[in-house]
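Working notes for the structure below.
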Amino acid sequence: MAEHTSSSQDRDASREPVLRPGRAADPLPQPRDGEAAAPVTVADDGAPGTTADAASADSPAEHEAEGHGHEGDAGQVAQASAAARQRRLRLLLRQCDRVLLMDFNLLAMNDWPDNFTLAAARRRRDLWLTGALAAAAVFLSGLTGFVPAWLAGGGFGAFVIILLLGLPAIRRVYTSRPSYLDLLLRRHRLLADARRHAAHLEGKEGLVWQCVGMAEYNPALKNPRFSGLVRLSEQRALPRSLTRREHVRLYLIFLLEAEKAYAKVQQAFFEGNQQAIDRGWEQVAAEPEPRA
């Protein structure tokens, strides 16, 4: 019995783990020459850390300061750009403000006699001249003895009557239609008034070629059909070159397009001025300078 008990104890003892000596622990890495060992720190949760973790705590403040610096630079760039844009718009408003003085009725020449009316008046004039010449021929034939005296006297009377009917004061009694000469004088007067008004609008600097700068707000100002007007305006020779009604009508069309562009430039200037006031840019928010 005792032997059985001792043998059981020996088997139990043999099953218990036996600790044997192992190899030594690995040595800590040594810093190389010229490198400083990074100090080991212990975080609040017990994990080791380095000074980089402490430095990372200061990075948000530095990024915030850099962000404010970039925002300040961007604000200065935006203010300078707005100021340059406002100066350009102000210059366009000063150069092209004479567009507002345009007289549409004067340049449209609505009372311009058309070709049909002019042709009818020319036909009436030709008939009047033919009758006067025929009466004069009969009278002269009577002086030479080719026709009787009474016929020559009748021709002389007819000649005088026809001449009187052609006088403007007497012609207004029996007809209200203008004569051919009246129509020509009316055309000449309308064209002269239009050229005088164009000279007033162009001034000494020239209006058309300066208004081309507003083509950004109305691309129609760069239409090729206006190139001749622009060249003559730049040469200060536009008013005296308006010798036909078609030239004046083309000039009027350009001024109408320029007036549309001027309204858009003025609106853009006022909007930029209001934005500058809202942002507190006092140097940008300036009123247009008065003309000298």
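Taking the Cα centre of the range 114-177 as origin, sum charge times position over the Cβ atoms of Lys and Arg (+1) and Asp and Glu (-1), and report the length of that vector in debye to the nearest 20.
260 debye
Can you compute the FRET efficiency between ASP182 and GLU246 using 1/(1 + (r/R0)^6), with r the Cβ-Cβ distance and R0 = 22 Å? Round to the nearest 0.05.
Between ASP182 and GLU246 the formula returns 0.45.
Need the full-extension length gain, PHE146 to LYS260, defined as separation in residues times 0.36 nm minus the C-alpha distance. One decimal, nm.
Stretched fully, the PHE146-LYS260 segment lengthens by 33.7 nm.
Go ahead and run the numbers for FRET between ILE253 and VAL173, Cβ-Cβ distance against an R0 of 35 Å, rounding to 0.05.
With a Förster radius of 35 Å, E is 0.25.
Using a Förster radius of 25 Å, what is the FRET efficiency between GLN76 and ALA268 based on their Cβ-Cβ separation? Nearest 0.05, please.
0.65
Compactness ratio of the range 114-177: Cα Rg over 2.2 N^0.38 Å, N = residue count?
So the Cα radius of gyration is 1.36 times the expected 2.2 N^0.38 Å.
Determine ³J(HN,Hα), in whole Hz, for all residues of the range 170-175 in sequence, where each value follows from phi through the Karplus function 6.51 cos²θ - 1.76 cosθ + 1.60 and θ = phi - 60°; x replaces Gly and Pro.
Computed from phi, the couplings for the range 170-175 are 7, 5, 5, 6, 10, 8 Hz.
Since every read-out is calculated from the coordinates, none of them should be taken as a lab result. Please read these numbers as outputs of a predicted model, since none were measured by experiment. Glycine gets a Cβ as well: all are built from the backbone with ideal geometry, and neighbour counts include every protein chain shown.
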